[in-house]
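The values are calculated or read from the model by the stated rules, or taken from the named source; none is laboratory data. If you're wondering where the values come from, they're calculated on a predicted model, not measured in any experiment. Cβ placement follows ideal geometry from the backbone for every residue including glycine, while neighbour counts extend to all protein chains displayed.
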Amino acid sequence: MGIVAQPFHVPALPTVPRRADLPEPSNDARRHSARLSEAIRKEIDIAGGWIGFVRFMELALYAPGLGYYVAGAAKLGGDGDFVTAPEISPLFGGTLARQIAQLLERSAGEVLELGAGSGTMAADVLGELHNVDRLPQRYLILETSPQLVQRQQHTLQRRHPALKDGIEWISALPVNFEGVVIANEVLDALPVHLVAWRQDGLYERGVGWKDGFVWLERPLRPGALRRAAEAISAEADYVSEISLIAPALVRSLSDALRKGALLLIDYGFGRREYYHPQRSLGTLMCHYRHRAHDDPFFLPGLQDLTAHVDFTAIAEAGIDAGLNILGYTTQAQFLINSGITQLLEQRSGDATASRFALAAGAQKLLSPAEMGELFKVIALGRGIDGPLIGFASGDKSRLL
Ligand SMILES: C[S@@+](CC[C@H](N)C(=O)[O-])C[C@H]1O[C@@H](n2cnc3c(N)ncnc32)[C@H](O)[C@@H]1O
């Protein structure tokens, strides 16, 4: 970020107060957060007093050795800050595997998972692919967090010792990949820009320092972010996120894909709903020890920061990069189409699974009041013919 020449705009919206109701971190955790805050503060100083929120979020989540995803916090699961669908129920990965199996038949290739978290989804997908005799040649994992790589290795070694040779961690996207790329809740973890639509024009929201992190806005400069903001009709005062990084990832995945499909699962909406007039504060959320709140400046490095996904932007990036939209629907519809009910029946008869726990997990995945409606699945592909089972009914691609 260069030196800022233009005047800052102090937003009318108040900074959210510190949250006294959040659990107290340990002294070690506080020291860790203080080190990261100091690193971010230094960067703000060097940049002339302002960094874009996108850079703040990148440092808070991914600063080497210090960011939330890179350093020691437990993140996923009961001891962590949030749970994801694979952590809720093995039926999620198991059902997803059925769609993957159909795609592997058509692309005869490999599976690449981005951001595999604890490794639970990989283990569940591999388990079901084994059951239906469709194991991929290789199961690749591209994970940016060294700490999570270790956790994934531990999970997969414990759950599938016999598949060890077929699972590989890679550090860059492969070339001429053929097969299926899957990513659950990865797009929402990518840094976003914040834009403010004000009476007197467009501003980029950023972060400065005055006895702590503070919001500062500066006029939005010409460029990709301004073009994206100008394409959205919002009335003042309106603040929301624009993600340039998630569409860029889709373009990179398209470059890497010779034949096959991307299956991207996350919470979000199409653009019209995303930038709805009533959503005038955007979708930025923070998760700390299973409490959701809206203060991204609370103890950087100890909490997750996330924004909903604009699936229209994802679809546009795919189409621009030469991919076809193979389907877009809600998580509930996708899982039902892919056979979650049959899998539930099948596994309920299994003496090792608790029928009650399986049914409760399925309910969370499918209920419109929980994950069923808010979470969406989009499939983008190249060289894949015919309809996909996951979108056989309730395909909402036309709403993107
Ligand atoms: C919210 S967690 C989801 C984890 C897992 N997919 C699940 O559903 O439980 C986000 C994951 O994406 C990873 N991640 C973030 N940015 C990434 C990137 N650019 N490439 C690959 N993984 C990334 C994080 O380290 C983490 O594993």
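The set of residues from the stretch 256-303 being touching a Phe, Trp or Tyr at 6+ places or on another chain (Cβ under 6 Å) and closer than 27 Å to Ser33 by Cβ comprises Tyr267, His287, Phe297, Gly301, Gln303. Has the stretch 308-320 got at least one residue that is among the aliphatic types (A, V, I, L, M), farther than 30 Å from Arg41 by Cα, surrounded by fewer than 20 Cβ atoms within 10 Å (Cβ to Cβ) and modelled with pLDDT of 95 or more? Yes, the stretch 308-320 contains at least one residue that is among the aliphatic types (A, V, I, L, M), farther than 30 Å from Arg41 by Cα, surrounded by fewer than 20 Cβ atoms within 10 Å (Cβ to Cβ) and modelled with pLDDT of 95 or more.
Any idea which of Leu129, Leu103 is touching a residue at least 40 places away in the same chain (Cβ under 8 Å), away from the ligand (no atom under 16 Å from the Cβ) and either of a type outside the set (Val, Ile, Thr) or touching a Cys at 6+ places or on another chain (Cβ under 7 Å) (or both)? The match here is Leu103. For the stretch 277-293, a residue qualifies if it is surrounded by 16 or more Cβ atoms within 10 Å (Cβ to Cβ) and closer than 27 Å to Ala236 by Cβ, and the qualifying residues are Arg279, Ser280, Gly282, Thr283, Leu284, Met285, Cys286. Among the residues of the stretch 219-234, not a single one is assigned to a loop (DSSP other than H, G, I, E, B), closer than 21 Å to Ile51 by Cβ and among the polar types (S, T, N, Q). Considering Ala60, Ala116, Ala123, the condition of being under 30 Å from Pro23 (Cβ atoms), in contact (Cβ under 8 Å) with a residue 12 or more places away in the chain and within 9 Å of the ligand (Cβ to nearest atom) is satisfied by Ala116 alone.
Conditions (1) within 15 Å of the chain's Cα centre (by Cα); (2) modelled with pLDDT of 95 or more; (3) more than 13 Å from the ligand (Cβ to nearest atom); (4) not basic (Lys, Arg), marked per residue:
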{"residue": "Ser252", "(1), (2), (3), (4)": "no, yes, no, yes"}
{"residue": "Gly260", "(1), (2), (3), (4)": "no, yes, yes, yes"}
{"residue": "Tyr274", "(1), (2), (3), (4)": "no, yes, yes, yes"}
{"residue": "His293", "(1), (2), (3), (4)": "no, no, yes, yes"}
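When each of Leu59, Leu112, Leu129 is tested for being under 24 Å from Ser26 (Cα atoms) and crowded, with 19+ Cβ neighbours inside 10 Å, the lone residue that passes is Leu59. For Gly179, indicate whether it is touching a Leu at 6+ places or on another chain (Cβ under 7 Å), more than 16 Å from the ligand (Cβ to nearest atom) and in contact (Cβ under 8 Å) with a residue 12 or more places away in the chain. The answer is yes for Gly179.
Exactly one condition in (1) surrounded by 20 or more Cβ atoms within 10 Å (Cβ to Cβ); (2) within 16 Å of the ligand (Cβ to nearest atom); (3) of a type outside the set (A, V, I, L, M); (4) not in a helix (DSSP H, G or I) is false for Arg151; which is it? So the condition that Arg151 fails would be (4).
Do you know which of the residues in the stretch 366-400 that are under 25 Å from Ala307 (Cβ atoms) and of a type in the set (Ser, Thr, Tyr) is surrounded by the most Cβ atoms within 10 Å (Cβ to Cβ)? The residue in question is Ser397. Regarding the stretch 157-166, can at least one residue be identified that is touching a helix residue (DSSP H, G or I) at 6+ places or on another chain (Cβ under 7 Å) and among the hydrophobic types (A, V, I, L, M, F, W, C)? Yes, there is a match, as at least one residue in the stretch 157-166 is touching a helix residue (DSSP H, G or I) at 6+ places or on another chain (Cβ under 7 Å) and among the hydrophobic types (A, V, I, L, M, F, W, C).
Summed over the stretch 72-97, the residues that are more than 10 Å from the ligand (Cβ to nearest atom), over 23 Å from Val250 (Cα atoms) and crowded, with 19+ Cβ neighbours inside 10 Å give a count of 6. The condition of being more than 16 Å from the ligand (Cβ to nearest atom), farther than 30 Å from Gly386 by Cα, out of contact with any Leu (no Cβ under 9 Å at 6 or more places or on another chain) and modelled with pLDDT under 80 holds for only one of Arg19, Arg31, Arg41, that being Arg19.
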